[in-house]
1. Given a 1.4 Å probe and every protein chain left where it sits, what share in percent of the accessible area of region 301-408 is carbon and sulfur?
2. With N set to the residue count of region 21-97, report its C-alpha Rg divided by 2.2 N^0.38 Å to two decimal places.
3. Quick check for you: with a 1.4 Å probe and neighbouring chains kept, what is the accessible area per residue of the chain, in Å²?
4. How large is ³J(HN,Hα) for each residue in region 187-201, as worked out from phi by the Karplus curve 6.51 cos²θ - 1.76 cosθ + 1.60 (θ = phi - 60°), to whole Hz, x for Gly and Pro?
5. Connecting C-alpha atoms closer than 10 Å in a GNM of the chain, tell me which of 367, 178, 290 has the biggest fluctuation.
6. Calculate how many DSSP beta bridges within the chain are antiparallel, expressed in % of all such bridges and rounded to the nearest 5.
7. If I take every Cα pair under 8 Å that is 6 or more residues apart in the chain, average their sequence separation and divide by the length, what percent do I get for the relative contact order?
8. With N residues in the chain, what two-decimal value do you get for its Cα radius of gyration over 2.2 N^0.38 Å?
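The values are calculated or read from the model by the stated rules, or taken from the named source; none is laboratory data. In this text the structure is predicted, and so the values were computed from the model without any measurement. Glycine gets a Cβ as well: all are built from the backbone with ideal geometry, and neighbour counts include every protein chain shown. Note: accessible area is taken over every heavy atom of the protein model, side chains too, but ligands, DNA and RNA are not part of it. Shrake-Rupley method; radii C 1.70, N 1.55, O 1.52, S 1.80 Å.
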Amino acid sequence: MSNYQLLKGYKQTEVGVIPEDWEVLTLSEMCLKIQDGTHFSPSLGGTDYLYITSKNIGRGFLKLENAERIDESEHRKIYGRCDVKKGDLLLTKDGVNTGNSALNTLDEEFSLLSSVAFLRFDSNKYDANHFLQQILSSDGQNRMKDLMSGNAITRLTLEKIHKIPFPVPPLAEQRTIAATLSDVDALIAALDKLIAKKHHLKTATMQQLLTGKKRLPGFGEGKWSTRQQKEVCSYINGRAYQRTEWETFGTPVVRLQNLTGSGDKYYYSTLNLPEHQYMDYGDLIFMWSASFGPYIWNGSKAIYHYHIWKIDCDKERVDKNFYYYKLVELTDNIKKGSNGSTMAHVTKGGMENFSIILPEDVAEQRAIATVLSDMDTDIAALETRRTKTQAIKQGMMQQLLTGKVRLV
């Protein structure tokens, strides 16, 4: 962009167009210290000090639920070299989380693996607690990816970290921007907490209603019975396809990735198949291969692939939506009892032989399904709200962290 195209009060820099009173500084110029963790491998399983690795660094937060601990003697071998302080920014250098950053909010000492670097800023010049955290987790992600492009191994070196440039406003504006974005972060965190609470409530409700431990009003006298699945439903195999049978038009063929969200590309078929090889809106299906569990199809007429079973329920004895939740329960129980490979080897016949307990009154089944479905709808609405809020924050970051919108 040439100068005559620039808005008044803005300038062209290596990081793009920014306000004239902003600077472009590298992390080396902003930091009092940039240091990574240790290459020493301590003995894990202690109780005294946390041992933080790249897996414990999220995008803007620490993930300490599964953090390892080490004994004090091991910690002392490490801490003298990498003395992380409260208020330092932690940045992942390698691993699947490369480029993630989080503020160290811990009051306690901990040890750090070499896959994580810590950055210490001059608090009289830079709002490391908030502004730099925000810019590292947004614009910084793109800059770090650029540094790693072309590398077979996704890794950031300390040398590369020192050279990463960022647009930096005056300290007062840093704090104003950070406060604004932190308010949105607080809303997202509150939504996450509420969603987690709703999930826990739903799990507890399922444990009560799907086992008959708690009965809904009006159904206290109805009988429950144990049945093998083959008594109330049948599992129908999907069809395997050869590559020569794929088309770019016709009836969509639904594969696992179309259900799990890992892929949205459909293949198509023009074959005229028996009616039982098709599924339609509202049909209950089951993924039995790499992904494992029930799913209610919410699309139009389609063909289901080999790694999917369609479940044909006896409508006189089973409500399909209730049965979906029973299969969720059954799947969880199978997973808890599996060794990691059992799930992938459950056969159609094996599934049909699994026993389940259910109300004999289909009306009670429907009532239970309605309660659980309403809870799912509530959770989905909150998740949609969270997604929209995250999108709003991204838009705000693109405007505020580049100076396109000024708050001072």
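1. 51
2. Values: Rg = 14.6 Å, N = 77, 2.2 N^0.38 = 11.5 Å.
Dividing the Cα radius of gyration by 2.2 N^0.38 Å gives 1.27.
3. Accessible area per residue, the chain: 52 Å².
4. 5, 4, 5, 5, 5, 4, 5, 5, 4, 4, 4, 5, 5, 5, 5
5. 290
6. Numbers: 50 of 57 bridges.
Percentage antiparallel, nearest 5: 90.
7. For the chain, the relative contact order is 16 percent.
8. 1.27
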